[in-house]
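Everything below concerns the one structure shown next.
The values are calculated or read from the model by the stated rules, or taken from the named source; none is laboratory data. In this text, all values refer to a predicted model and were calculated from it rather than measured experimentally. All Cβ positions, glycine included, derive from the backbone under ideal geometry; neighbour counts span all protein chains shown.
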Amino acid sequence: MIRNMVTATNTMNQLQQQLDLISNNIANSGTTGYKQTTANFNSLLHQQIQNQRGDQAPRMTPDGLRLGNGARISQSQLVATQGTLQRTERDLDFAFTSEHQYFKVLVQSTDGTAEQNFTRDGAFYLTPVNDDEVMLVDAQGNGILNQNDELIMFDGSIENITLQDDGTLLVEGAGGIQQTVELGVVDIQRPQLMDRVSSIYLGIPDNLAELGVEAGELMVQMEGGLRTDIGLEQGALEQSNVDLSKAFTELIEVQRNYQFHSRAVSISDQMSGLVNGLR
């Protein structure tokens, strides 16, 4: 009975984590560029108990009992499928049409340091830096980087912005002055190894050496001839790839599973009380 309680408790802890993942997916169902996370379970170690050595009767199954210890989440998997596109007709809204491509963004942390992250949220804005320059930023105010990992700056007042096929922005200013800038884009080959920094940002993990992976295996910089493979659409935003109906169904299933294991703990406790009463 103690074993039953331990087994159920082990699984309940992991089911709570799955509930948190599903709840986070539902909460970000309206977040631009958000990619949902799913949980994969594996069984914990089993124990073989040989308790029938004196039984000479013929058996159709192996001798003894094989008892498990519950289940655990073996992997939290990022689902990188394409989300639906919503037309906005806004010049500074960009949506990827290729699943594994991300913008490069310089994210400022609370301690004043900056770190390069990656996002599919293409809702960009222009913020003034001084009297003569403006900077391209995302909705959180973090600077968007170009192909050379430099902040994207424009001179003078902007009248029109056009996206070229290779991810290059053609910017027309006052007096017909034109500027071009190549948006920094990467193709993340192994998204499961990336750290989820926030709902819209992915970061490079610090333990790449421990994982036996080099940065070149993790992502490809979309430079040179590869820029023709960039899939971007102007005047649109990519919505979250969370299927709400499926997410709520999974939520109900996990809640029922959690209740089942909670009931198992309760019944085991009652049986332990009966045994103690008989003594």
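Can you list residue pairs whose Cβ atoms sit under 8 Å apart, with the first residue in region 75-100 being under 23 Å from Arg227 (Cβ atoms) and of a type in the set (Asp, Glu) and the second being at pLDDT below 90 and surrounded by 14 or more Cβ atoms within 10 Å (Cβ to Cβ)? Count only pairs 6 or more apart in sequence or on different chains. Sorted first by the residue in region 75-100, then by its partner, the pairs are Glu99/Ala80.
Inside region 81-98, residues that are crowded, with 17+ Cβ neighbours inside 10 Å and touching a helix residue (DSSP H, G or I) at 6+ places or on another chain (Cβ under 9 Å) make up a count of 0.
Out of all the residues in region 126-150, which are assigned to a strand (DSSP E or B) and surrounded by 15 or more Cβ atoms within 10 Å (Cβ to Cβ)?
Of the residues in region 126-150, the ones assigned to a strand (DSSP E or B) are 126-128, 133-138, 143-146.
Correct list: Leu126, Val134, Met135, Leu136, Val137, Asp138, Gly143, Ile144, Leu145, Asn146.
Among the residues making up region 245-274, those that are without any contact (Cβ under 8 Å) to a residue 24 or more places away in the chain and small (Gly, Ala, Ser) are Ser245, Ser266, Gly273. Of all the residues in region 222-234, those that are surrounded by 16 or more Cβ atoms within 10 Å (Cβ to Cβ) and either over 12 Å from Gly167 (Cβ atoms) or more than 21 Å from the chain's Cα centre (by Cα) (or both) number 5.
Within region 213-226, one or more residues are more than 21 Å from Phe103 (Cβ to Cβ), assigned to a loop (DSSP other than H, G, I, E, B) and in the same structural domain as Asn117 (by TED's automatic domain parsing). Taking (1) closer than 17 Å to Glu233 by Cβ; (2) without any contact (Cβ under 8 Å) to a residue 12 or more places away in the chain in turn, Ala114 satisfies each apart from (1).
Give me the residue from region 110-122 that is assigned to a strand (DSSP E or B), of a type outside the set (D, E, K, R) and surrounded by fewer than 19 Cβ atoms within 10 Å (Cβ to Cβ) and, out of that set, nearest to the chain's Cα centre (by Cα).
Gln116
With respect to being under 30 Å from Gln147 (Cβ atoms), of a type in the set (Lys, Arg), part of a helix (DSSP H, G or I) and at pLDDT 90 or above, Arg256 falls outside the description.
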